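The values are calculated or read from the model by the stated rules, or taken from the named source; none is laboratory data. Given the structure is predicted, the values throughout are model-derived calculations rather than measurements. Virtual Cβ from ideal backbone geometry, glycine too; neighbours counted across all protein chains shown. Surface accessibility is based on the protein's heavy atoms, side chains included, excluding ligands, DNA and RNA. Shrake-Rupley method; radii C 1.70, N 1.55, O 1.52, S 1.80 Å.
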Amino acid sequence: MWIQVSKKPFAAKGNTMTTVTEQVPARPGPVLHESVSDALITQIREDGFGVLKNALSPAEVAEINAEAARLCRGELGEIERVTRATAEESDEEVMRRYLCIHFPNKLSEVIARTYHHPKIVDVLTRVIGPNVKAMQSMLFMKAEGKPGQAWHQDEFFIPTRDRSLTAAWIALDDATIENGCLWVLPGSHRRGVIYPDREQDDERFDCTVELYDFPYKDEDAVPVEIPAGAAIIFNGYLLHRSLPNTGRHGFRRALTNHFMSAESLLPWGRVPDNTHVAKYDYRDVELVAGEDPYAYKGTVDIARPSVRPDKEGGCGR
């Protein structure tokens, strides 16, 4: 069996999409673990990722997708770069405007509850430890023609002092090669090295920088095609990327939440003046399991929901 994957150049303007494709041998699909088993935890530790099938029920997925439409319509509150939709615009038309909304949990109780989803928390406490906190959510719409994200490691963006960063990437549609599923480099987390970064102008990808000079080739990557409701749990040092949604129609929606050990300080963002970096602790966090040893510091409400730039309107850097 052979598949087609998009290659450079890629361009999407308005309703016109140009894609160059090539034929490559199909790879075996990922293991879909039916439960939070020792096999799932072992795979996450050894490969850097694992898939929990049916992490969310169909009803839970439908509820989040309905909430995504409300967020994109501006009905739940202010989101940077989101304009309130008119009654004449359909939900699909409105969602197609946006690639990703950061921190939707700040406005949506439905999404905020996913931090505490028992099946995912069960995985996290076995991978990270008994005390787990969350610091970020991202809601991807990724309609046809929208770009992916270049090779990156989540720890590059969210540095934890103990290397405990772990993502839960929850599919809200069936994620396929055609519509832009994740691709991973299994085992790339093991060295615990953050690779160099550089600007990129590849039209297949959004505005984020790309990492490079790592000892892997694109041909080593594995596509993680999963059904709606499944969750990819992966290590913050795992190299991964996604390609554009090259389907003729439809979304590749996903909700990504980030977690880490509550024992670790979180030196995320700009260190305030007169604060030693070793003492800096970003406290816009939420405890999802166990105890927070730093609870005496309290928490703050800093992050604001915003739309991720996808190059159509510039990147702002």
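Checking each residue in segment 136-164 for being in a strand (DSSP E or B) and not small (Gly, Ala, Ser) picks out Gln136, Met138, Leu139, Phe140, Gln149, Trp151, His152.
When the test is whether a residue is on the phi < 0 side of the Ramachandran plot, touching a Pro at 6+ places or on another chain (Cβ under 9 Å) and either open to solvent by 20 Å² or more (accessible area, probe 1.4 Å) or without any contact (Cβ under 8 Å) to a residue 12 or more places away in the chain (or both), Glu286 does not pass it. On the stretch given as segment 209-249, residues that are open to solvent by 10 Å² or more (accessible area, probe 1.4 Å) and modelled with pLDDT under 95 total 2.
A Cβ distance below 8 Å, combined with a sequence gap of six or more or placement on separate chains, defines the contacts here; from segment 239-266, residues that are over 17 Å from Asp292 (Cβ atoms) and of a type in the set (A, V, I, L, M) reach residues that are open to solvent by less than 10 Å² (accessible area, probe 1.4 Å) and part of a loop (DSSP other than H, G, I, E, B) in the pairs Leu239/Gln153; Leu239/Leu185; Leu239/Ser188; Leu243/Gly180; Ala254/Lys142; Ala254/Leu172; Leu255/Leu172.
Residues in segment 250-259 that are more than 25 Å from Glu46 (Cα to Cα) and surrounded by 20 or more Cβ atoms within 10 Å (Cβ to Cβ): Phe251, Arg252, Arg253. If you filter segment 71-89 down to residues that are of a type in the set (Gly, Ala, Ser) and open to solvent by less than 50 Å² (accessible area, probe 1.4 Å), you find that the one that is farthest from the chain's Cα centre (by Cα) is Ala85. Restricting segment 50-88 to residues that are of a type outside the set (Val, Ile, Thr) and assigned to a strand (DSSP E or B), the residue that is nearest to Ile233 (Cα to Cα) is Gly50.
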